[in-house]
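A short write-up of the structure that comes next.
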Amino acid sequence: MATQGPQDRRPPAPPVAGLGRGLLVGVAVAVLLAVAEVFVLIVIGRTIGWLVTILLVIATSLLGAWVLRREGPRSWRAFRADLRERRPPGASATDGLLVLVGGVLMVLPGFITDAVGALLVAPPTRRLARGVVQALLTRRLTPSAATTLFGPRTVRVRTGSTQAPPPPSAQSGVAGEPIEGEIIDPPPH
């Protein structure tokens, strides 16, 4: 019987953690969506006929591909223009992402994904989705990252100051009185 010295011991292998919680939720949602899509296809196929149903699925996929081809470059150009003009790319980047996701959902076969994709691509509903996405990202990002991505929130400015001005060595070279400001959350749209 061989004995192991301290140098021969290996740490125990970590237990198999399995899939992460987020991945499990994603897989569960994908399976439920697939089941719902098949159910809706069967119901629509029985209602309007299988040939029309298949033609509709093909037509919405082609429409999704067209949307991706048309809107994708347009969103990319708007995003690049924001960067060139040193504006925060938040709205352009979010619009581009929503158009991309919407177009991909429309390309996938199924009426549920087509409906969600169409809502993400249509400008009025995309504007609503953009607000939701930006709010979620702003909550998850650090304040400086959120400001960089989406721009500053509304700023209330008051002239004059209740504090003494900084010493001349700390001033940034801007002449005039200091401006006191406070960032406030924008009103809901």
At 7 Å along Cα-to-Cβ for each site, give me the label-to-label distance between Arg70 and Arg46 in nm. 3.6
Using protein chains only and a probe of 1.4 angstrom, how many square angstrom of Ile54 are accessible, to the nearest 10? 90
If the chain between Val29 and Leu83 were fully extended at 0.36 nm per residue, the gain over the current Cα-Cα distance would be 15.9 nm
Quick shape check on the stretch 22-76: root eigenvalues a ≥ b ≥ c of the Cα gyration tensor, a/c under 1.5 is rounded, otherwise prolate if a/b tops b/c, else oblate, and it reads oblate
Output ordering of 66-76, 98-108, 20-30 (per-residue mean of other Cβ within 10 Å, highest first) is 98-108, 66-76, 20-30
Could you do me a favour and compute the accessible area per residue for the stretch 53-110, 1.4 Å probe, result in Å²? 61
I want to check the label-to-label distance for Arg127 and Ala36. Put each point 7 Å from Cα in the C-beta direction and report it in nm to one decimal. 2.7
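The values are calculated or read from the model by the stated rules, or taken from the named source; none is laboratory data. In this text, all values refer to a predicted model and were calculated from it rather than measured experimentally. Note that each Cβ is placed from the backbone with ideal geometry, even for glycine, and that neighbours are counted across all protein chains shown. Heavy atoms of the whole protein, side chains included, go into the accessibility calculation; ligands, DNA and RNA do not. Shrake-Rupley method; radii C 1.70, N 1.55, O 1.52, S 1.80 Å.
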